[in-house]
1. Which FRET efficiency value, to the nearest 0.05, is calculated for Leu61 and Gln220 with the Förster distance at 45 angstrom and r the Cβ-Cβ distance?
2. Compute the distance in nm between two label points, each set 7 Å from the Cα along the Cα-to-Cβ direction, one at His54 and one at Leu176.
3. If each residue of separation counts as 0.36 nm, what is the full-extension length gain between Tyr135 and Ala70 once their alpha-carbon separation is subtracted?
4. Test of understanding: extend the Cα→C-beta vector of Val230 to 7 Å, then name every residue of the range 151-169 with backbone N under 17 Å from that spot.
5. So how far apart, in nm, are the two label points at Asp163 and Arg203 if each is 7 Å from Cα heading toward Cβ?
6. For Ala152 and Asn99, compute 0.36 nm times the residue count separating them, minus their Cα-Cα distance, and round to one decimal in nm.
7. For Thr4, Thr127, Thr95, what's the fewest-to-most ordering of other Cβ within 10 Å of each Cβ?
8. Give me the net charge of Pro219's neighbourhood, meaning all other residues with Cβ under 12 Å from the Cβ of Pro219; Lys, Arg count +1, Asp, Glu -1.
Amino acid sequence: MNQTYSVSPIGFVRSCFKEKFAIPRQPSLAPAARGVLELVAPFDQGEAVQGLEHVSHVWLLFLFHEALEATPRLKVRPPRLGGNQAMGVFATRATHRPNGIGQSVVKLERVEPDRLWLSGIDLLDGTPVLDVKPYVPYADIIPEARNDMAAAAPELIPVAWGDAALQQARDHALRLNEPLVELIEQCLAQDPRPAYQQPAPDRRYGARFWDVDVRWHYPQAGQIRVLEVVLSES
């Protein structure tokens, strides 16, 4: 039976992540990553979120809106396997999904009638959200569950700061009223480079968090050094 269904967003995420590079590959890996789910009509009247004040975490079902494809992929190359090994799309959490649907469990910091304040997110700014479901610990935690391809969180690498860069980050954190230093450290420690790419000391990398551009390099294997944190020009 071949049927087509349509869905509409119930809201959109205003996120600290303004570009895909350096977003954690799973939710909750960067607790300092914050955002707001802004609900749209008719879900912005308060009735739809009544009772969520009793919930600490929620599941978000969303669209990978910048990775939608007309032709479905049957196999993908997940970053966790170095980007060189192809696996069946249903064995991975790659962004290239048959219907572009993703899911993340995130912490619910605050509930307002027309918005949900979130942390531990891994969603790009502007992400359309299709549904919100409460996290239910007794049902959602499966102690004996296993995933042999991703048995543990990625190994973190040390993040060092240039003196000027750290002061820049602290100044911007005060202006934004956000834990910017922690956000940068938590995201960069997971090494956002493609797994197949070897670090070069003279190569600089950059990503945008909130409205600042963060630039760093790899002075030696297994180490990151933040070079500057400056207001974005765009």
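1. About 0.60, to the nearest 0.05.
2. 3.5 nm
3. Gain on stretching Tyr135 to Ala70: 20.2 nm.
4. 162-169
5. 3.0 nm
6. Working: separation 53, 0.36 × 53 = 19.08 nm, distance 2.74 nm.
Additional length available on full extension: 16.3 nm.
7. Ranking Thr4, Thr127, Thr95 by Cβ neighbours within 10 Å, fewest first, gives Thr4, Thr95, Thr127.
8. +2
Every number in this text was worked out from the coordinates using simple rules, so none of it is lab data. Bear in mind the structure is a predicted one, so any value in this text is a computation, not a measurement. Counting neighbours? That spans all protein chains shown, and the Cβs are built from the backbone with ideal geometry, glycine included.
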